[in-house]
1. When you go through 34, 41, 4 one by one, which is the residue that is in a loop (DSSP other than H, G, I, E, B), more than 14 Å from residue 90 (Cβ to Cβ) and at pLDDT 95 or above?
2. Does the stretch 334-346 include one or more residues that are modelled with pLDDT under 50, among the acidic types (Asp, Glu) and surrounded by fewer than 18 Cβ atoms within 10 Å (Cβ to Cβ)?
3. Hey, among the residues in the stretch 58-104 that are assigned to a loop (DSSP other than H, G, I, E, B) and closer than 30 Å to residue 119 by Cα, which one's nearest to the chain's Cα centre (by Cα)?
4. Within the stretch 237-275, which residues are part of a loop (DSSP other than H, G, I, E, B), more than 25 Å from residue 109 (Cα to Cα) and either small (Gly, Ala, Ser) or free of Cβ contacts under 8 Å to residues at least 40 places away in the same chain (or both)?
5. Using the structure shown, decide if residue 64 is surrounded by 15 or more Cβ atoms within 10 Å (Cβ to Cβ) and either outside the structural domain of residue 337 (by TED's automatic domain parsing) or farther than 23 Å from residue 166 by Cα (or both).
6. Cβ-Cβ distance below 6 Å, separation of 6 or more or different chains: which pairs start in the stretch 312-326 with a residue that is basic (Lys, Arg) and end on one that is assigned to a helix (DSSP H, G or I) and surrounded by 15 or more Cβ atoms within 10 Å (Cβ to Cβ)?
7. Return the residue satisfying two criteria in turn: it lies in the stretch 256-265 and is acidic (Asp, Glu) and surrounded by 15 or more Cβ atoms within 10 Å (Cβ to Cβ), and of such residues it is modelled with the highest pLDDT.
8. Just name the residue that is farthest from residue 91 (Cα to Cα) out of those in the stretch 145-158 that are aliphatic (A, V, I, L, M) and surrounded by 21 or more Cβ atoms within 10 Å (Cβ to Cβ).
Amino acid sequence: MNALPPKQRKIIHIDMDAFFASVEQRDNPQYRGLPLVVGGLPQGRGGVVAAASYEARKYGIRSAMPSKRAVQLCPDVIFVRPRFPAYKEVSGHIREIFHRYTDLIEPLSLDEAYLDVTEDKQGIGSAIEIARQIKAAIKAELNLTASAGISINKFVAKIASDMNKPDGLTFISPAQIEEFMENLPVSKFYGVGKVTADKMRSHNWHTGADLKKLSEEELTRYFGKAGRFYYHIVRGIDDRPVVSDRETKSLAAEDTFEFDLTLVEDMNRELDRLAETVCRRLKNYELKGRTITLKIKYADFRQITRSLSFPYFIDDFETISGTAKQLLASTDLEKVKIRLLGISLSNFRDQAPKEPKGASVQLSLF
C-alpha cells in the first residue's frame, strides 16, 4: 500500500512594524507622525540607529545606520534611547496571542516569529484567517500593527511578510511559489547580504530565474553550503520545520557605547556591568557553561572575538568578569577606540560537573 504524501504545511511569519519606534510613538503621543529614531545619540562619536519610524524611513534612515548620518538625512529627526524592558513586555504579550492558535512558534527576535498552523488549536483551518485574527488582536490589545506572510514554507513566508509593510498581509499560494521565486531579485533573498548579492550580480545573476539556470554543483562551487540552499529555494523547496524549543547555544550581553572607550579602566567597568547581566540571565535560565567569549568592535567597525574554555562549568560573576578582562588584556590596547563590548557564555550542559577541589586549572585559548 502506498504511503500518503506528507500534509502540506501552513506557515505564518509575523513581523512587527518598526517595532521599537512604534512602541515609543504609542507610549509618547508627542512623537506620533514625526521622524523618530530609537538608538544612540549623535553627539560625540555618536551611536547607531536601532530602529526608525516609517516617517524617518522616508528620509532614507535605516537600522544599523550611524546616528550622525541619520541627522544628516533628516536634521529634525527625534532620538530616544531604547527601553528594552518595555519592548520585552510587549513581545511577551504578542507571544501569548500566538499561543491562542498554536504552540509551534519559533521566535527570531522580540518582534518576529514563525508559526506553524497546519493544525491550529481553534480548528479554524485557514492560515489566512488565523493571520488576520492575530493582526487584529495585536491592534486591539496593544495598539500596534504587524505584517504577516503566509505560505507553505518558512523562506517564502518570511519574504512575503515584508512585501506590503506596514500592516500588510500577503499570501503566496503553492501554485505561485515557483514563479514568485523566479521573479524575486537576488537582493531580496532572505540571508543574502550585500556582498553575496554583489557577487551574484557580477556574474549577471539578478533574479531567482538566473540562479535557477545553474546546477547544484555550480552554486555550491560559488557559494559553498549556501549554494545547495539556493538551488532548492529557487524551486520553492524549503523543508525546514518551525522549531518551537530551540536549544540555547549561547547566552550573551553586549552594549554599544555613546562615546568610544579609550581607557582600560572604563573598559573593565563596562565588562563588570555586562558580566552582571550575563550572570543574572544564567540564573534565570538555570544554565552553566564552559566557554566565555569576549566580543570587541572598534571605532572603525573592525570586530574581533576572544574565547577561553574551562574544564568545568561556571556561572559566577568573578570568573566571568575576570576572564573577560583577561581576554581584553590579551588584545592590543595601545591607542584603540572601542565602540562595543560583549560577553557570552556557551558550551552548556544539562548537568555540570563539580569543580575539582584544589585543582590548578589550565585554560585553553582558541
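The values are calculated or read from the model by the stated rules, or taken from the named source; none is laboratory data. Because the structure is predicted, anything quoted here is derived from the model rather than measured. Note: ideal-geometry Cβ built from the backbone for every residue, glycine included; neighbour counts use all protein chains shown.
1. Working: 41 fails: at pLDDT 95 or above; 4 fails: at pLDDT 95 or above.
After ruling out the rest, the residue left standing is 34.
2. Checking the stretch 334-346: not a single residue is modelled with pLDDT under 50, among the acidic types (Asp, Glu) and surrounded by fewer than 18 Cβ atoms within 10 Å (Cβ to Cβ).
3. Result: 104.
4. 263
5. It is false that residue 64 is surrounded by 15 or more Cβ atoms within 10 Å (Cβ to Cβ) and either outside the structural domain of residue 337 (by TED's automatic domain parsing) or farther than 23 Å from residue 166 by Cα (or both).
6. Going by the 6 Å Cβ cut-off, the qualifying pairs are 325/268; 325/271.
7. Once the filter is applied, the top-ranked residue is 260.
8. Within the stretch 145-158, the subset aliphatic (A, V, I, L, M) is 146, 148, 150, 152, 156-157.
Add one more test, that the residue is surrounded by 21 or more Cβ atoms within 10 Å (Cβ to Cβ), and what stays is 146, 148, 150, 156-157.
On the way: 146: 12, 148: 16, 150: 21, 156: 23, 157: 20 Å.
The selected residue is 156.
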